[in-house]
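Enquirer: After the structure tokens below, expect a handful of questions from me.
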Amino acid sequence: MVSPHGIKLAVYLISSYFGELNAKVCDCLLRRGTQTLHQVVSSTELSRKNVKNCLLVLIHHNCVQAFAIRQPGGFGEEAKIITQYMALFDNIIHKLRFPKFIEIVSEELGKECEEILEWLLQHGRLSLSQIIVKYKQASKQGDSSADAAQDSFNRLVNARFVERCPAPDPLLEPPAAEETAAKKRGAKSAKIQAQTMEQQALAAAAPMESMRFLVENIWNDSVEKADKRTTDVKCGMKRKQEDLESNTKDPATGEKEVLWRANFEEFIRRLRHKACVANVKVRVNNDAAIVLAATLELSRHSETKLRIDNSVPQSINAIYDEVIKREGGLGMDLERIRASLDDLGCEAPLMEIDETYSVDLKNIIEQARIEEVESIVLKRYGREAYRMFRLLSKADRLVETDKISDTTFVEKKDAVKILFKLWKDDYLEMKKVIARAAKQSEFILWKINKQSLWEHILDEMYHAALNLRLRITHEKEQEKEILQMPKDKLVGELGNKYMRLRKVCIVLESSLMNLDDSLMLFHDF
């Protein structure tokens, strides 16, 4: 379930990138859930043609997934296939972190790969022939650049930064038929039935793992004809044509070409690993951070899903070989590595023959979240509130007011005020207990419900991110005329205004990037 401010932020991002009509369709899907075309038309009061065009654009940019459901017909009637559409909230929010994705590729693979990723992020999805054509136009080297484009693209795919697009509209069978099949197949299929319809659709649309990163070479004449087709399109119509042509065909053979897109899952995995290493470096020590980074590098390609609780087990020898390759790790011996693994909470194996270690990533993320919320409480409510919140966080149970006051050395009168303020702002849960004895007494107990608190903090962060985006837009709108002027005319007072705007935008955008790190911590990691 997406929080209210999360929906507002997603709709604003869609409006910024694709306009108000697309934002209206997106808002409908986020608020009402999965909808048919008829339902979207009815809810948005837009024309059927406009809604269809908006859905095509949003699908092309990986913000909406379509899927079909086979519904049994009435007596003597054929089954009906109904297409439904669901908004992909995570993919929409990922637009905030495109600069981070580009930076990762630039540092690891270089400028050529960075350019290809930028095109994929800008256009949503492209075929390999379209990428090669764009590469040739950008490099202005003609046919000699085709091999370089293919090589750069292969490097992106091998690093799993780019993947094949999902099926445009996978077909889901009716629940009754699936339940019958599940009974025949046993308990394993019964677990699959616990998935929501949307989860089943995403799983059905995803390409097979063996095909997901498979690159097939294309013929030169396909590229040439694609080049001609692209240059024939007028500049103003290029984006629209690419958005609407979600099923690109090979111009040489007439067959459908494979479409490719940025693999958001891999980028978020890299950022998750980076956040874990940064947290361990501050909270534990530098040696533990080096060992963790080496362990995560070894296990990255073996991870089957994004939010794994523990890293894939690795042998001590493999960890050592990876550690000595890293800056600061060359002087580390096996004993120091074992000591660092112990600092990370890894249990020593019972048998040295199979000495493997797995790191508890879930605990590292949990600690990072707690530290983030504690810093918010400190800044917003003061040091006394911070001490009380930290006590409750460590206790992880109901604690009575007197005990909180005595342990944190805060006067009971002040402690009650602070606790009630935290409770009012949804940071704490309160429970009243009445003890019936010779004299009836009432006790107030306090506790942190981490799951509900994480959701509350996340919604506040979405609100803050939306405000930052609105402020950036407002600042640019205020000085719109200066931004449109040539740089050589920005002198004197105009130059001062331009420099002020530039500094303000840098501060706001940096704040947004830092806030997005916290957003990922609570939502994606």
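Enquirer: Compare the Cα positions of Leu330, Ile308, Phe98 along the charge dipole of the chain (+1 at Cβ of Lys, Arg; -1 at Cβ of Asp, Glu; about the Cα centre) and return the one farthest towards the positive end.
Expert: Toward the positive end, the furthest listed residue is Phe98.
Enquirer: By how many nm would the segment from Glu509 to Glu493 lengthen if fully extended, with 0.36 nm per residue of separation less the alpha-carbon distance? Please list the in-between numbers first.
Expert: On the way: separation 16, 0.36 × 16 = 5.76 nm, distance 2.42 nm.
Here the segment from Glu509 to Glu493 would lengthen by 3.3 nm.
Enquirer: Right, another one. For q = 0.14, 0.21 Å⁻¹, what log10 I(q)/I(0) does segment 32-142 give under the Debye formula with an equal point scatterer on each alpha carbon and no solvent?
Expert: Taken in order of the listed q values, log10 I(q)/I(0) reads -0.76, -1.13.
Enquirer: For the chain, take the longest principal axis of its alpha carbons; what is the angle in degrees between that and the long axis of helix 412-424, to the nearest 10 within 0 to 90?
Expert: 20 degrees
Enquirer: Show which aspartates and glutamates lie in cross-link reach of Lys305 when reach means a straight Cα distance below 13 angstrom and same-chain residues fewer than eight apart are skipped.
Expert: Reachable aspartates and glutamates: Glu209, Glu265, Glu266, Asp524.
Enquirer: Please compute the modelled spin-label separation between Glu481 and Gln137, points set 7 Å along Cα→Cβ, answer in nm with one decimal.
Expert: Placing both labels 7 Å beyond Cα along the Cβ direction yields 3.5 nm.
Enquirer: A further question follows. Cα gyration tensor of segment 314-365, axes a ≥ b ≥ c as square roots of the eigenvalues: rounded (a/c below 1.5), prolate (a/b > b/c) or oblate?
Expert: Values: a/c = 1.87, a/b = 1.18, b/c = 1.58.
Since a/c reaches 1.5 but b/c is at least a/b, the shape of segment 314-365 is classed as oblate.
Enquirer: Taking the Cβ of Arg212 as the centre, find all other residues whose Cβ is under 12 Å away and add up their charges (Lys, Arg: +1; Asp, Glu: -1). Intermediate values should be presented prior to the final figure.
Expert: Values: positive: Arg160, Arg164, Arg261; negative: Glu163, Glu209, Glu265, Glu266.
My count for the surroundings of Arg212 gives -1.
Enquirer: My understanding is that a pair violates if its Cα-Cα distance is over 25 Å; which of Lys379/Lys497; Lys394/Lys424; Lys24/Lys49; Lys274/Lys447; Lys8/Lys80; Lys134/Lys480 do that in this structure? Walk me through the numbers on the way to the answer.
Expert: On the way: Lys379/Lys497 32 Å; Lys394/Lys424 21 Å; Lys24/Lys49 14 Å; Lys274/Lys447 31 Å; Lys8/Lys80 35 Å; Lys134/Lys480 31 Å.
The answer is Lys379/Lys497; Lys274/Lys447; Lys8/Lys80; Lys134/Lys480.
Enquirer: Another question, if that's okay. Taking amide H positions as placed 1.01 Å from N in the peptide plane, with prolines and chain starts having none, which residues 5 or more places from Leu172, or on another chain, fall under 5 Å of its amide H?
Expert: Long-range HN contacts for Leu172: Ala68, Ile69, Arg70.
Enquirer: 222 nm [θ] for the chain, helices only, -39500 (n - 2.57) per DSSP H run of 4+, per residue, to 500?
Expert: Numbers: 26 runs with 331 residues, N = 525.
That calculation yields -20000 deg cm²/dmol at 222 nm.
Enquirer: Right, next: Residue farthest toward the positive end of the dipole of the chain, with Cβ of Lys/Arg at +1 and Asp/Glu at -1: which of Leu445, Ala68, Met485?
Expert: The one lying farthest along the dipole's positive direction is Leu445.
Enquirer: Next question. At 7 Å along the Cα-to-beta-carbon direction for both Leu330 and Leu378, put a label point, then send me their distance in nm to one decimal.
Expert: It works out to 3.6 nm between the two label points.
Enquirer: With +1 assigned to the C-beta of every Lys and Arg and -1 to the C-beta of every Asp and Glu, and no other charges, what is the dipole magnitude of the chain about the Cα centre in debye, to the nearest 20? Please report the intermediate quantities before stating the final value.
Expert: Working: 80 positive and 80 negative charges, 399 e Å.
Roughly 1920 debye for the chain.
Enquirer: Which of the following values of Cα extents along the principal axes in Å was calculated from the structure shown: (i) 88, 58, 56; (ii) 107, 56, 52; (iii) 89, 74, 70?
Expert: (iii)
Enquirer: Ratio of Rg to Rh for segment 280-359, alpha carbon only, Kirkwood? Don't skip to the answer; put the middle values down first.
Expert: Working: Rg = 11.9 Å, Rh = 12.7 Å.
So for segment 280-359, dividing Rg by the Kirkwood Rh gives 0.94.
Enquirer: Give me, ordered by chain and number, the residues 5 or more places off Leu259 or on other chains with an amide H under 5 Å from its own placed amide H.
Expert: Distant-sequence amide H within range of Leu259: Cys165.
Taken together, the values in this text are just the output of simple stated rules run on the coordinates, not laboratory data. As the structure is a prediction and not an experimental result, all values here were calculated from the model. All Cβ positions, glycine included, derive from the backbone under ideal geometry; neighbour counts span all protein chains shown.
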